[in-house]
Amino acid sequence: MTLPNPYLPEIATVIETVQETPNIKTFRVRLNNEERMKNFTYQPGQVGQLSVFGVGESTFVINSPPTRMDYLQFSVMRAGEVTAKLHTINAGDQIGVRAPLGNWFPYESMKGKNIVFVGGGIGMAPLRTLMLFMLDNRKDYGDISLLYGARSPQDMAFQYELPEWTTRADMKTVLTIDREAPGWEHTVGLIPNVLTEMAPSPKNCVAITCGPPIMIKFTLQALKKLGFEDDQIITTLEKRMKCGVGICGRCNIGTKYVCVDGPVFTYAQLKELPNEL
Ligand SMILES: Cc1cc2nc3c(=O)[nH]c(=O)nc-3n(C[C@H](O)[C@H](O)[C@H](O)COP(=O)(O)OP(=O)(O)OC[C@H]3O[C@@H](n4cnc5c(N)ncnc54)[C@H](O)[C@@H]3O)c2cc1C
Ligand code: FES
C-alpha cells in the first residue's frame, strides 16, 4: 500500500485577492481538483500550509468558515520571505495548499454558552472563522460579543464586514484603536483595558482570544480579573511549523506539537506547557 505523501501540496488557483491593510492581503483560493474542492472538509480553527513554488511554505488559518464553501480564504500579514512573495500573488495565479492541518475550536462544547471574541490585528483571522460559523448556526449559541482592536483604522482587516458586524442585532461588537484618529467613531484604547470596561460576565461564557503575544498576555490577565476560569479561556499558539503533521518536531512545546495538538489550546492546557506566553 502506498501512503499519501503528507508533504505534497495540492495545486490551487487564487480566484480573488483583497488588500486588507497596508501589510495584510487576503487570498480566496479554490483547489484545482474540483472533486476534491467539492468534498473538502475542515473545522473552524484549522490551518493550512500555503506554498509559493520555489520560495517555501508558511502556516495560515483558513479564515472562511466551513459553512461558506465557495472558496478557502487565507489572510496573510507580511513578515518575511514567503509572506512577501505571497503578497505579489494575484487572481489567476497558482499556489500550493496543504490543508486542513491542526486541531480546531471546540465549538460543540460551546453550544448554549455565551461567547466573547477578543481579537487583535491579524489575530482576527481565526476568530472570523469561528464567529461566522457560529453566526451561521446562530440558534446554537447564547450572546455573542466581539472586541476587535488594531493599532489604527488603516490596520483593521475585514473592513468591508465591519458595518455588518457593528449593526447586527444578534451580536455586540466593539471596535477599538490604540490612539485617537481623524474620523474614527468607535472606541479608543488598548484591548485589555477596553475588555475590562466591557466587563463581560464569566457566567456560562467562553472567551476566545487571538492576537500578538503581548496583547494575549494582558487579555488573559483581564479575563482572569473578570472571573473567567482557565478552562473558559481559549487561545491559539503561533509556533513555527514545517511538516505540519507531527513528524519533524519543529513546533514542539514540552510534550506537545502545536501542529497536531494545537494551535487551539485552553488557558488551562497552556499553563501545563513550558512558558509560551
Ligand atoms: C497556527 C498558525 C496560524 C497562523 N495563521 C496566520 C494567519 O492567518 N495569517 C498570518 O498572516 N500569519 C499567520 N501565522 C503566522 C505565519 O505563519 C508567519 O508569519 C509566516 O510563517 C512568516 O513566514 P515568512 O517566511 O514570510 O517569514 P520569515 O522570513 O520566516 O520570518 C519573518 C519574521 O517573522 C518571525 N516569524 C515567522 N513566523 C512566525 C511565527 N509563527 N510566530 C512568531 N514569529 C514568526 C520570524 O522569526 C522572523 O522574525 C500563523 C502561524 C501559525 C503557527
Ligand atoms: S511542524 Fe513538524 S512536528 Fe509540528
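Is it fair to say L190 is in contact (Cβ under 8 Å) with a residue 12 or more places away in the chain and within 27 Å of R78 (Cβ to Cβ)? Yes, satisfied.
Which one is farthest from the chain's Cα centre (by Cα) among residues in region 228-241 that are of a type in the set (D, E, K, R) and at pLDDT below 95? I'd like the intermediate steps shown before the answer.
The initial filter retains those residues of region 228-241 that are of a type in the set (D, E, K, R), namely 229-231, 238-240.
In the following step, the residues that additionally are at pLDDT below 95 were identified as 238-240.
Values: E238: 10, K239: 14, R240: 15 Å.
The extreme case among them is R240.
Here region 55-99 is the region considered, the condition is being hydroxyl-bearing (S, T, Y) and away from ligand 2 (no atom under 16 Å from the Cβ), and the residue that is farthest from N32 (Cα to Cα) is T83. Within region 250-259, if we keep just the residues that are on the phi < 0 side of the Ramachandran plot and open to solvent by 30 Å² or more (accessible area, probe 1.4 Å), the residue that is farthest from ligand 1 (Cβ to nearest atom) turns out to be T255. Residues that are among the charged types (D, E, K, R) and within 20 Å of I122 (Cα to Cα) do occur in region 21-44. Against the numbered list (1) outside the structural domain of Y148 (by the TED database); (2) more than 18 Å from the chain's Cα centre (by Cα), C259 comes up short only at (2).
Just to verify a result, which residue in region 94-108, among those that are assigned to a loop (DSSP other than H, G, I, E, B) and open to solvent by 10 Å² or more (accessible area, probe 1.4 Å), is farthest from I24 (Cα to Cα)? If you could, list the steps in order and put the result at the bottom.
Step one: list which residues in region 94-108 are assigned to a loop (DSSP other than H, G, I, E, B), which gives 102-108.
Now narrow it down to the ones that are open to solvent by 10 Å² or more (accessible area, probe 1.4 Å): 102-104, 106-108.
On the way: G102: 23, N103: 24, W104: 23, P106: 27, Y107: 27, E108: 31 Å.
Top of the filtered list is E108.
When the residues of region 195-207 are filtered to those that are open to solvent by less than 70 Å² (accessible area, probe 1.4 Å) and in a helix (DSSP H, G or I), the one that is nearest to ligand 1 (Cβ to nearest atom) is L195.
Considering R78, R28, R68, the condition of being touching a His at 6+ places or on another chain (Cβ under 7 Å) and either outside the structural domain of M134 (by the TED database) or modelled with pLDDT of 95 or more (or both) is satisfied by R78 alone. For region 224-265, a residue qualifies if it is among the hydrophobic types (A, V, I, L, M, F, W, C) and without any contact (Cβ under 8 Å) to a residue 40 or more places away in the chain, and the qualifying residues are L226, F228, I233, L237, C248, C251, I253, F265. Listed by first and then second residue, the pairs linking a residue in region 62-80 that is aromatic (F, W, Y) to a residue that is crowded, with 18+ Cβ neighbours inside 10 Å and in a loop (DSSP other than H, G, I, E, B), with Cβ atoms under 8 Å apart and 6 or more places separating them unless they lie on different chains, are Y71/S64; F74/I62; F74/N63. The criterion of at least 1 residues that are surrounded by fewer than 13 Cβ atoms within 10 Å (Cβ to Cβ) is met by the following strands (runs of 3 or more DSSP E) wholly inside region 1-93: 10-21. Filtered by the rule that a residue be part of a loop (DSSP other than H, G, I, E, B), within 16 Å of ligand 2 (Cβ to nearest atom), under 20 Å from V76 (Cβ atoms) and open to solvent by 20 Å² or more (accessible area, probe 1.4 Å), region 208-249 gives E238, K239, R240, M241, K242.
Looking at K111, is it in contact with a helix residue (DSSP H, G or I) (Cβ under 7 Å, 6 or more places away or on another chain) and either of a type in the set (A, V, I, L, M) or open to solvent by 10 Å² or more (accessible area, probe 1.4 Å) (or both)? Spell out the reasoning first.
Values: in contact with a helix residue (DSSP H, G or I) (Cβ under 7 Å, 6 or more places away or on another chain): yes; either of a type in the set (A, V, I, L, M) or open to solvent by 10 Å² or more (accessible area, probe 1.4 Å) (or both): yes.
Considered against the rule, which asks whether it is in contact with a helix residue (DSSP H, G or I) (Cβ under 7 Å, 6 or more places away or on another chain) and either of a type in the set (A, V, I, L, M) or open to solvent by 10 Å² or more (accessible area, probe 1.4 Å) (or both), K111 comes out as yes.
Kindly indicate the residue of region 121-161 that is in contact with a helix residue (DSSP H, G or I) (Cβ under 8 Å, 6 or more places away or on another chain) and closer than 13 Å to I24 by Cα and also most open to solvent (accessible area, probe 1.4 Å) among those meeting that condition. Ranking the qualifying residues of region 121-161, first place goes to D155.
The values are calculated or read from the model by the stated rules, or taken from the named source; none is laboratory data. Bear in mind that the values here come from a model prediction, so they are computed numbers and not experimental data. Methodologically, a virtual Cβ is constructed for each residue, glycine included, from the backbone with ideal geometry; neighbour enumeration extends over all protein chains shown. Protein only, heavy atoms only, side chains kept; ligands, DNA and RNA dropped before computing areas. Shrake-Rupley method; radii C 1.70, N 1.55, O 1.52, S 1.80 Å.
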